[in-house]
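Structure first, commentary second.
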Amino acid sequence: MGGSTLRLSLRQGSPTTAESEARDIAPVIDSKAAADARSVIRRWEGYAPTPLVPLNKLATQLGVKSVWCKDESGRFGLGSFKSLGGAFGVLRALQDEIEGRTKQRPSAEELWAGHPEASLITTTTASAGNHGRSVAWGSSQFGCTCVVVLPEDAHPARAQAIESHGAQVVRFEGSYDEAVGYTEQEAERNGWLIVSDTAYDGYEETPMRIMEGYTVLADEMLQSLAAESVDLTHLFIQTGVGGLATGVCSHLVKELGVRRPRFIAVEPWRADCFGRSLRSGKQVFAEPPFETEMGGLAAGIPSTIAWTFLGQYLDAALALPESVWQIGAMALGTGELGARIAAGPSGASGVGALVALTRLPGLAKLLDFQPDSQVGALITEARFY
């Protein structure tokens, strides 16, 4: 089930300059499109910024100035940051499809109120759980039907959460990456709209829009940090295929430039596609079986869009054994770090990595932890089971 400690991978080559960062960011996330996404999502019923929580006891244990975690466990009542991206991807996909059919583009408000064409459309996606739930929720809100393909190792509670939004769940005997291919075939055969957060050659527009939705999280984080007069020096962020990390980190690069924090990916020991890719300087597969409870991070290869950005801007990646998310979830659940939060396996992985680093001063030194460091992490999901 993986190793007994953290495995650190560093980006090859010298750090990019502020000039190249400003130049290279434009092709990845379009600033106007991302601003439009934030404006639309903030008008949705039930929208509220999620909290930035100080973990003062963990900061003391690490010997740094402060630790902050962005808690996404309550987002839209769905228990995950994915509700920002998947549902927004559904919205944009429906707008495109209906415009193609009727020559008129419906507004978000018109779809939310109920559009007759939406009821004739089926969305679909492969998912380890949270993205599928977001697509199912978005589909129910905007009036279309939905089919979600779950790999065989997805927990039954994930399926139940998706079905609670009226979607059909199809169990697929294989890995997440294989489920993506199967979903593409089924969508073509049935005329369904794919709303996937995994970009690959020939399919990048919808994953890009999903990343635009994730900039909501990054923008909220910047506002909360400014209110606390905090300049992050490090950000530990879950990767998976890299959509969240690209959406969040690209926004931080755009807004902060050379003041942006170091970006450290966290991923499962057996699904360390970003660590392998950083060491190789190119996209590299992590071979299944992944054997991890961090199902939302069990990806075999980085998304094409994500690697375009993160291959330049990730500073490091940490591969985590299963014990790390467990210690993170336990410490958050008991409140011993300074706040009590019920986090799931993927959600607790970033904080778990920080807890593990309290016992690994050599690794912390390699990541340049200093007494004045201000460290950020994300709690990406609530505990479902």
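Quick notes on this structure:
- Going through (1) surrounded by 24 or more Cβ atoms within 10 Å (Cβ to Cβ); (2) on the phi < 0 side of the Ramachandran plot; (3) in contact (Cβ under 8 Å) with a residue 60 or more places away in the chain one by one, G129 falls short only on (2).
- Test: residue in segment 84-91 that is within 21 Å of S39 (Cβ to Cβ) and at pLDDT below 95: no
- Just one of the listed residues (A299, A377) is aliphatic (A, V, I, L, M) and at pLDDT 95 or above, namely A377.
- Those residues of segment 173-190 which are touching a Ser or Thr at 6+ places or on another chain (Cβ under 8 Å) and farther than 20 Å from T304 by Cα, in sequence order: E186, A187, N190
- Filter pass, L62 being aliphatic (A, V, I, L, M), outside the structural domain of L297 (by TED's automatic domain parsing) and modelled with pLDDT of 95 or more: no
- All told, S224 falls short of being without any contact (Cβ under 8 Å) to a residue 12 or more places away in the chain, farther than 27 Å from I301 by Cα and hydroxyl-bearing (S, T, Y).
- Among the candidates T215, T183, T198, T239, the residue that is under 16 Å from G129 (Cα atoms), within 18 Å of the chain's Cα centre (by Cα) and at pLDDT 95 or above is uniquely T239.
- Scanning segment 228-262 for residues being of a type in the set (D, E, K, R) and closer than 16 Å to A35 by Cα gives a total of 2.
- Tallying residues that are of a type in the set (A, V, I, L, M) and surrounded by fewer than 22 Cβ atoms within 10 Å (Cβ to Cβ) within segment 233-262 yields 2.
Conditions (1) part of a strand (DSSP E or B); (2) touching a Pro at 6+ places or on another chain (Cβ under 9 Å), marked per residue:
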| position | (1), (2) |
| --- | --- |
| L235 | yes, yes |
| V241 | no, yes |
| A245 | no, no |
| L252 | no, yes |
| A265 | yes, no |
| L278 | no, no |
| E287 | no, no |
| T292 | no, yes |
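- Within segment 140-188, being closer than 18 Å to L94 by Cα and surrounded by fewer than 17 Cβ atoms within 10 Å (Cβ to Cβ) holds for G166, E188.
The values are calculated or read from the model by the stated rules, or taken from the named source; none is laboratory data. These figures come from a predicted structure and were not determined experimentally. With ideal geometry, Cβ positions are generated from the backbone for all residues, glycine too; neighbour counts draw on all protein chains shown.
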